[in-house]
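Novice: Just passing along the structure, written as structure tokens.
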Amino acid sequence: MAERMGSGAGSGGAPSRDNRDQNTIRVTNISEATSEEDLQELFQAFGRISRVYLAKDKETMQSRGFAFVSFVSRQDAQRAMDKLQGHGYDHLILKLEWAKPSAPKDPATSGTEYRSGYGKALAQDTKEKVSYASNLTRGTR
């Protein structure tokens, strides 16, 4: 149980996001037919799993070819990596690597950067004074 507890300041006994990321394996080269249950069955032999996330296409709900498997223990995750790296599964060769920690989202920057214009700055989006007539008079002589 102590392995699940966060060690960061102010964790208050809740599992730390950093700790969870340290025990997470990114699994790639997964077939479209693979399900979360298939991954659970494949990885559970190595220890307690806290989460399985299979990336799926929003329209077809088929696997996008990668998943994340989080273990309670780093040692269990390491054993799974050692045994399943290059393992043939559903006619494909699995590739495993440690998942990179997810970057926290800044609520101030979530969403689009500009209000309109297909990602281009408009006059109201800049602090500079914009003179459209200046474009017509440059380089005419």
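Every number in this text was worked out from the coordinates using simple rules, so none of it is lab data. Computed from a predicted structure; not experimentally measured. Note: ideal-geometry Cβ built from the backbone for every residue, glycine included; neighbour counts use all protein chains shown.
Novice: Can you run phi through the Karplus equation (6.51, -1.76, 1.60; θ = phi - 60°) for region 88-97 and list ³J(HN,Hα) in whole Hz, with x for Gly and Pro?
Specialist: Result, ordered by residue: x, 9, 6, 6, 10, 9, 6, 10, 10, 8 Hz.
Novice: Right, here's the next one. Compute the length gained on full extension between residue 51 and residue 33: take 0.36 nm times their separation in residues and subtract their Cα-Cα distance, giving the result in nm to one decimal. Show your work: numbers first, answer last.
Specialist: Details: separation 18, 0.36 × 18 = 6.48 nm, distance 1.94 nm.
Between residue 51 and residue 33, full extension yields an extra 4.5 nm.
Novice: Sorted by average packing, counted as other Cβ atoms within 10 angstrom per residue and highest first, what order do 74-80, 23-29 take?
Specialist: Numbers: 74-80: 17.9, 23-29: 19.7.
Taking the mean over residues of other Cβ atoms within 10 Å, the ranking is 23-29, 74-80.
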